[in-house]
Structure formats: C-alpha cells, structure tokens
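One structure is given below, encoded as structure tokens.
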Amino acid sequence: MENVCNECECERECGCECECNEPVCMNACILRVCCCELLVCDLCTSQEVLVHTPEACCFCVGEHICIEYSGAMTRSVPPQIHAKCIKRLNNGGNNGCCCCC
C-alpha cells in the first residue's frame, strides 16, 4: 500500500511515511466504531476515512472529532490514517481545534 502526504503531496514508492514536520488535523463525524478503529466522514471533503487508534472504543457514532495525524494517508478504499491524537468537538464546531475547515 502506498502512502501519500496530504500536507505536502509528496509520494514515496516504498510506502514509508512522509517526513513532514507539521501534523495534519481533520475534523470528522464518526460513522462506525470498531475495536481499534473508527470509520469517519471528513467534514471538509465528505470522504470516508478509516482511522486506526487504540482509543476507538472511547467514542460514539455521531460524535464530531478533531483527528491529529502525520499527514500520511493510504490510497486504499477507504483511505486509512493512524491517529496521533483525537479530541471531541462540542456541537460540531471546531472548538479550538487546529483544523480550520
């Protein structure tokens, strides 16, 4: 599986993560909760994304969250990311999240 960085749009044939220094944030709505993963809808692009996180079971379907990740996203369907940090958003707003979509 090949990774692509959404922040700088670099691609690596080996599938390694990009060396970007800046984390990327995504505002999303949770569509499905499974053990160690969340299926979310990116509120900026309306794209479904699979988020790998050991804290998945702490969240509920319908919650709005801000996901911080490295910027690397697989080209699978749905695309996949590994969350560094996930914060709940109040009332679907950005609530101080670093993502300003």
Looking at region 40-62, which of its residues are touching a residue at least 24 places away in the same chain (Cβ under 8 Å) and either surrounded by 18 or more Cβ atoms within 10 Å (Cβ to Cβ) or touching a Ser or Thr at 6+ places or on another chain (Cβ under 8 Å) (or both)? 40, 43, 49, 50, 51, 53
When you check residue 85 against the structure, is it of a type outside the set (Phe, Trp, Tyr), in contact with a strand residue (DSSP E or B) (Cβ under 6 Å, 6 or more places away or on another chain), open to solvent by 40 Å² or more (accessible area, probe 1.4 Å) and at pLDDT 95 or above, yes or no? yes
All but one of (1) in contact with a strand residue (DSSP E or B) (Cβ under 8 Å, 6 or more places away or on another chain); (2) at pLDDT 50 or above hold for residue 15; state the number of the condition that does not hold. (2)
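The values are calculated or read from the model by the stated rules, or taken from the named source; none is laboratory data. Values in this document were obtained by computation on a predicted structure and should not be read as measured data. So basically every Cβ, Gly included, is an ideal-geometry build from the backbone, and we count neighbours across all protein chains shown. Calculation scope for accessible area: heavy atoms of the full protein, side chains included, ligands and nucleic acids excluded. Shrake-Rupley method; radii C 1.70, N 1.55, O 1.52, S 1.80 Å.
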